[in-house]
Amino acid sequence: MGKKRNALQHASACSCSRRLFLKGCGVTLTGFGITSLFPTPFIQEALASVTATGDKRLLFIFLRGGNDGLNAVIPHGDPDYSAAHRPTLFVPYSAPYDLNGFASLHPSLGGLLEPFAAGDLAVVHRVGYANNSRSHFDGQRIWENGDPTQAQLFEGWLYRYVHDSALSAGVSLPVLSVQATPPLMLRGAERFVNVADPDDFSYILTDPKLTKFKSRWRSEYAGLDGLEVYRPILSQTGVKLVDTLDEYAAWDQASWNPLDPNTGFSLFPVSAATNQAGFSTQSFDFFRSVKVCALSLLESTGASTNGTRVAGTQLAGFDTHSGQGQLTGVQAELFSWLAYAMKSLRTVLSGAATDPRGYPSIWSNTVVVTLSEFGRTTIENGSGGTDHAAASCLFVAGGSVNGGVYNCDASTWPAGVTLGVQGRYLLERTDYRSIFWEILRDHMGANPALADTVFPGYTGAGLGAQELGLV
């Protein structure tokens with residue numbers, strides 16, 4: 001059994017053996033006999049015999065709280081971005097952080113300049129969706145469920161892609177999230193693994209009981225073939241528990257400490273001993289989560305029985321109603337963590353890290369993307385912060401990404417958009433769904449016919465016209 005029920009979503013209270021479970025459900029070794037127990041459409045889909053293909057990977061980082069995009073990717077070319085509107089938050093122009101003569105990065109995001117200069121980073125502004133309620137709860141659900149018309153839908157768009165693309169076929173850990181609770185983006189009928197505590201994700205049993213448990217379950221499962229089509233059922237019973245925990249343990253993440261080849265610093269500062277960059281101790285959990293996500297993808301070679309293709313985590317704290325800060329402060333600190341993490345991901349996933357394990361480069365096969373439920377008001381509030389708004393920015397990185405600045409230059413940022421909604425909100429230009437569907441289709445290889453399944457109403461809303469050519 002997993003040590004924490006919320007850490008492993010495959011856990012089950014069932015104490016029966018695999019054969020007894022299969023017999024009780026009417027499942028035979030040839031894969032028939034359960035149609036009377038489950039709805040016909042489910043069985044039809046389960047028996048579709050679709051197999052996952054490709055070697056592409058996706059890693060997401062959700063910036064929870066509503067990131068102030070105007071102080072992340074700063075439209076210095078727009079006079080409406082000014083100290084008059086942001087008396088304490090206005091970030092003065094600084095040439096080293098200039099991206100295209102119109103937009104600049106916040107200095108704490110300076111770590112992104114290297115991947116940007118290499119063409120590996122797309123900086124995308126004015127992203128959101130129409131009729132944003134400016135509610136954290138609605139906003140996060142909508143960005144994760146993929147349907148702005150259903151704020152109460154608790155099924156993720158990324159889950160639908162994984163499920164309908166059979167991305168989980170034949171592997172132990174096809175999808176992995178590393179955060180306190182499973183993200184809605186990956187929730188659905190089939191439960192995927194969420195690691196709540198990377199340092200304590202293991203069996204609750206100790207030897208000799210642990211050895212007896214594992215040997216018994218191994219023998220019970222040995223020789224049973226043809227069960228992959230029943231993964232959505234079997235995963236609910238814990239039948240993949242042993243393989244999952246053993247796969248994770250084999251990574252030995254606690255002993256993995258890749259270094260920056262230039263500075264010699266740890267790429268993932270998760271403790272005082274690995275924190276040569278001098279981040280606060282509050283950053284360690286975030287870096288530990290990013291580290292496990294990166295390792296899961298590196299362990300996922302084409303021949304691996306693991307095969308993790310989607311991984312993700314979150315960074316919270318962006319709800320900056322007060323004390324947001326200018327060059328220093330809450331937002332600047334979070335930016336410094338994010339920039340370091342994304343630069344580290346590029347280093348380690350490209351095989352450039354100083355690392356005895358010698359993982360090969362998977363950077364050209366990987367996309368790293370950020371998202372946040374909304375941006376912040378153009379007008380600073382009376383508490384030195386910003387309030388809920390709508391459009392914000394996001395970052396897309398990877399070896400196959402068409403790097404550059406999108407939606408933040410003179411041609412895409414006409415006068416008035418900074419105050420374009422009710423005189424205090426940035427006007428949205430690109431629907432978030434067009435960005436993520438493009439990534440799924442053109443990078444991950446999703447079937448174009450799945451557009452309206454993954455993002456309901458995509459075709460009817462004409463969102464394809466907003467695609468930017470990011471990959």
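State yes or no: is residue 471 open to solvent by 20 Å² or more (accessible area, probe 1.4 Å) and modelled with pLDDT under 95? Walk me through it before giving the result.
Values: open to solvent by 20 Å² or more (accessible area, probe 1.4 Å): yes; modelled with pLDDT under 95: no.
No; evaluated as a whole, the condition is false for this residue.
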field: Hits in the range 290-306 (condition: modelled with pLDDT under 85 and surrounded by 19 or more Cβ atoms within 10 Å (Cβ to Cβ))
entry: 306
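This table checks each residue for (1) open to solvent by less than 10 Å² (accessible area, probe 1.4 Å); (2) hydrophobic (A, V, I, L, M, F, W, C).
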{"position": "90", "(1), (2)": "no, yes"}
{"position": "94", "(1), (2)": "no, no"}
{"position": "100", "(1), (2)": "no, no"}
{"position": "118", "(1), (2)": "no, yes"}
{"position": "128", "(1), (2)": "yes, no"}
query: Going through the range 259-285 one residue at a time, which ones are in a loop (DSSP other than H, G, I, E, B), open to solvent by less than 50 Å² (accessible area, probe 1.4 Å) and not aliphatic (A, V, I, L, M)?
result: 260, 264, 268, 269, 271, 275, 279, 280
task: Select, from 330, 368, the only residue that is within 26 Å of residue 391 (Cβ to Cβ), β-branched (Val, Ile, Thr) and surrounded by fewer than 24 Cβ atoms within 10 Å (Cβ to Cβ).
output: 330
statement: Flagged in the range 270-306 as without any contact (Cβ under 8 Å) to a residue 40 or more places away in the chain and farther than 30 Å from residue 171 by Cα, in numbering order, are 271, 272, 273, 274, 275, 276, 278, 281, 282
task: Kindly establish whether residue 138 is open to solvent by less than 50 Å² (accessible area, probe 1.4 Å), modelled with pLDDT of 95 or more, in contact with a strand residue (DSSP E or B) (Cβ under 8 Å, 6 or more places away or on another chain) and not aliphatic (A, V, I, L, M).
output: no
statement: Only one of (1) within 29 Å of residue 323 (Cβ to Cβ); (2) surrounded by 24 or more Cβ atoms within 10 Å (Cβ to Cβ) does not apply to residue 388, and that is (2)
- prompt: Looking at 84, 130, 166, 122, which is the one that is free of Cβ contacts under 8 Å to residues at least 12 places away in the same chain and either under 19 Å from the mean Cα position of the chain (by Cα) or assigned to a loop (DSSP other than H, G, I, E, B) (or both)?
  reply: 84
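The values are calculated or read from the model by the stated rules, or taken from the named source; none is laboratory data. Since the structure is predicted, the reported quantities are computational estimates derived from the model, not experimental observations. With ideal geometry, Cβ positions are generated from the backbone for all residues, glycine too; neighbour counts draw on all protein chains shown. Accessible surface areas use protein heavy atoms only, side chains included; no ligands, DNA or RNA. Shrake-Rupley method; radii C 1.70, N 1.55, O 1.52, S 1.80 Å.
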